[in-house]
1. Does segment A:38-57 contain any residue that is within 23 Å of B:Asn159 (Cβ to Cβ), in contact (Cβ under 8 Å) with a residue 24 or more places away in the chain, within 16 Å of ligand 1 (Cβ to nearest atom) and surrounded by 22 or more Cβ atoms within 10 Å (Cβ to Cβ)?
2. Somewhere in segment B:48-71, is a residue within 16 Å of ligand 2 (Cβ to nearest atom), open to solvent by 20 Å² or more (accessible area, probe 1.4 Å) and either without any contact (Cβ under 8 Å) to a residue 60 or more places away in the chain or basic (Lys, Arg) (or both)?
3. Taking segment B:277-292 as the region of interest, how many residues are among the aromatic types (Phe, Trp, Tyr) and within 15 Å of B:Ala260 (Cβ to Cβ)?
4. Out of (1) open to solvent by 20 Å² or more (accessible area, probe 1.4 Å); (2) touching a residue at least 60 places away in the same chain (Cβ under 8 Å); (3) not small (Gly, Ala, Ser), what's the single condition that is false for B:Gln74?
5. Could you please find all residues in segment A:23-37 being more than 8 Å from the chain's Cα centre (by Cα) and within 14 Å of ligand 1 (Cβ to nearest atom)?
6. Could you check how many residues of segment B:545-564 are open to solvent by 40 Å² or more (accessible area, probe 1.4 Å) and assigned to a loop (DSSP other than H, G, I, E, B)?
7. Among the residues of segment B:14-55, what is the count of those that are in a loop (DSSP other than H, G, I, E, B) and near ligand 1 (Cβ under 9 Å from one of its atoms)?
8. (1) closer than 30 Å to B:Gly20 by Cβ; (2) among the aromatic types (Phe, Trp, Tyr); (3) more than 8 Å from chain B (Cβ to nearest Cβ); (4) more than 11 Å from ligand 2 (Cβ to nearest atom): which one isn't true of A:Tyr50, the others all being true?
Amino acid sequence: MPLAQTATTVPVVVNDDLCIADKGCTVCVDVCPLDVLRIVEKEDGKKTAYMKYDECWYCMPCEADCPTDAVTVNLPYLLK
Amino acid sequence: MDEILDGLTQIDCDILIIGGGTAGPMAALKAKRKNPEANVVLLDKANVKRSGAISMGMDGLNNSVIPGYATPEQYTKEITIANDGICDQAAVYRYAQECYGIIQELDSFGIRFQKDQNGEYDVKKVHHIGTYVLPMPNGDTVKKALYRQLRKARINIINRFMATRLLTGEGRVAGAICVNTRSAEFLVVRAKAVIMGLGAAGRLGLPTSGYLYGTYENASNSGEGYAMAYHAGAGLANLECYQINPLIKDYNGPACAYVAGPMGGYTANAQGERFIECDYWSGQMMQEFYDELQGGKGPVYLKLNHLAEETVAEIERVLHIVERPTRGHFHEGRGTDYRKQMIEMHISEIGFCSGHSASGVFVDEHARTTIPGLYAAGDMANVPHNYMLGAFTNGAFAGMDAAVFIADVDHANFDMGEVDAERTRVLAPTKRDDGIPPNQIEYKTRRLVNDYLQPPKVTAKMELAQKRFEEVRDDMESGMFVRDAHELMRALEASTILDCAEMAAAASMYRTESRWGLYHNRVEYERDDENWFCHTILTKGEDGKPAHKKQDVKPYVVEIAEDEKDAYANQRVGSSSSVAAE
Ligand SMILES: Cc1cc2nc3c(=O)[nH]c(=O)nc-3n(C[C@H](O)[C@H](O)[C@H](O)COP(=O)(O)OP(=O)(O)OC[C@H]3O[C@@H](n4cnc5c(N)ncnc54)[C@H](O)[C@@H]3O)c2cc1C
Ligand code: SF4
Ligand code: SF4
């Protein structure tokens, strides 16, 4: 039973111009109770946080604790 | 990160506390204070800094017993009545006596509680009879303040390890098996005492939005506390007394009558009429809510649009920044404004939770479970309606008792075969080349919970549920498939959720009466005090399936007069001669 590639829109967005993951920041990844954020290397070689898994309680520690205000928590589309 | 690694480490400690949300941190602090030599480990699936129901903060203490406003006797009586009489009062009474001390301690941590002009605590009336709700103007600081105390007390914190099974030996607890949520490596913790504070089983029913994580409870609380206690052989009490809450529809957060009620807000039907006398959450109140939704006068709403601008602004200030701060975004997105429209409400998915109802692992007034050395506190322990202050206070009881318990015992021996068996079970989904992903197993289980277990409860439907759960279990055990360590955490949660669903069905089938309003409304049966004025205790039977027994309610500490017993039964406006909420 092979797996499908169904797309899903994620509620949490990171502004990668503001994100300082390159300098070693992982605050949002560290605090998320559902552990759904990760750091990824972009095409230009710089790093940014992003939402890897669509499993969000829209609780907001990621946004509240980000030192550069790079994170915005939106409501998941299904309940918006 | 997330790559599946092969590894197993073993550590020893005196007291292992699983769950660093609300009850857990307080248990750790108290244990360490009572026995500074003790090696106390606090372990959490998430990060203790921001984990659990109070991750972002709390709006207030829902059930505080403050001298001058209420006595322990009054509180014990109110909760006994609200819980339809099924209550071992000793635990509630001890909580009521000692929670004031915990408030003062939280105050000393820097968590402020609302005071009036005279510097007295400004307690509000929300319950049917007494006055117990204490607002927290800086409720957003609660988790940070707790974390500071944990660091100061040098508690060993282990984050991102998910406990999956308890270890027992020599007739008592021996430790726990845990799995790293980002690498799948195992950690076996040997402990002389274990305190469980893993919160509610919050991912049991499926929210109406269909979003698996759009739950009332913090979605990381998937019910491992219940499943672990079950597999270890502990008794679980009154699981049929589900948690069901009145919430903002779709958003699925509290409405929240406890904040808005004292300021003049209330629950109304589509005509804007109040239909329940008291907005305090109880099964009887939820039954009225359900009847209104079904009866043609729904939907049900939170009504604030009759209030003065400054009152609405104050309600917004509290509700939109502390407990569930995305709530403001939600209303903005919908174009709803408390000043103009009423806000649509709905009933939540079902769950197990003693914080809000009474379904939990059986404990006494020392937070002891039926297994020596194993404690439980907070939402997962069956002290009825214990909310946040109950989690703190009963967590404190557990910590203090465990600190004494460990003085006279060494680590219990356990069978290493149990660890091997657990490794095989946990890792099975990583050994396949393809199969069913955990989110589909979980979705199907929870959809079946909604279809067949949600009250009103019908025997034939619950039997169908049991049959379908067995099919899902076969699929899960033979075909669940994960690609990384994160998915493995979800797979383990899916298996917990299925365990809880099976317990919910079995417990509901066993109690052949109706009780607790909507929570256990079994349409074929009336309330039956003669046969069912008792606890039901569920354990894992010899055949690996749930076994049941009745257990007497202990003689009351605080007597309840005949004419007081039904105070919560008459919730509908105009139906009773009892005390109105405001
Ligand atoms: C939205 C909301 C609003 C509320 N509002 C109020 C209020 O205003 N006033 C009030 O008095 N009460 C309120 N409550 C109730 C109160 O917050 C809870 O009763 C209380 O916080 C429960 O504490 P706990 O320690 O049992 O669980 P939690 O604080 O939720 O902690 C459980 C912990 O266990 C961890 N965990 C779960 N599974 C595992 C595992 N397998 N391994 C390791 N760790 C695990 C979790 O990560 C979490 O840290 C509210 C609850 C919610 C959900
Ligand atoms: S906390 Fe903010 S700055 Fe840090 S990694 Fe996350 S988004 Fe980037
Ligand atoms: S809102 Fe909560 S669950 Fe969602 S990404 Fe942020 S911290 Fe994680």
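The values are calculated or read from the model by the stated rules, or taken from the named source; none is laboratory data. This structure is a prediction, so every number in the text was calculated from the model and none was measured. Reconstructed Cβ throughout: ideal geometry from the backbone, glycine too, with neighbour counts over all protein chains shown. Side chains are part of the model used for accessible areas, which takes the heavy atoms of the whole protein and leaves out ligands, DNA and RNA. Shrake-Rupley method; radii C 1.70, N 1.55, O 1.52, S 1.80 Å.
1. Checked against the condition, which is being within 23 Å of B:Asn159 (Cβ to Cβ), in contact (Cβ under 8 Å) with a residue 24 or more places away in the chain, within 16 Å of ligand 1 (Cβ to nearest atom) and surrounded by 22 or more Cβ atoms within 10 Å (Cβ to Cβ), segment A:38-57 yields at least one hit.
2. yes
3. Of the residues in that region, 2 qualify.
4. If we test B:Gln74 against (1) open to solvent by 20 Å² or more (accessible area, probe 1.4 Å); (2) touching a residue at least 60 places away in the same chain (Cβ under 8 Å); (3) not small (Gly, Ala, Ser), just (2) comes out false.
5. Within segment A:23-37, A:Asp30, A:Val31, A:Cys32, A:Pro33, A:Leu34, A:Asp35 qualify.
6. Of the residues in that region, 7 qualify.
7. Going through segment B:14-55 one residue at a time, the tally reaches 13.
8. Condition not satisfied by A:Tyr50: (4).
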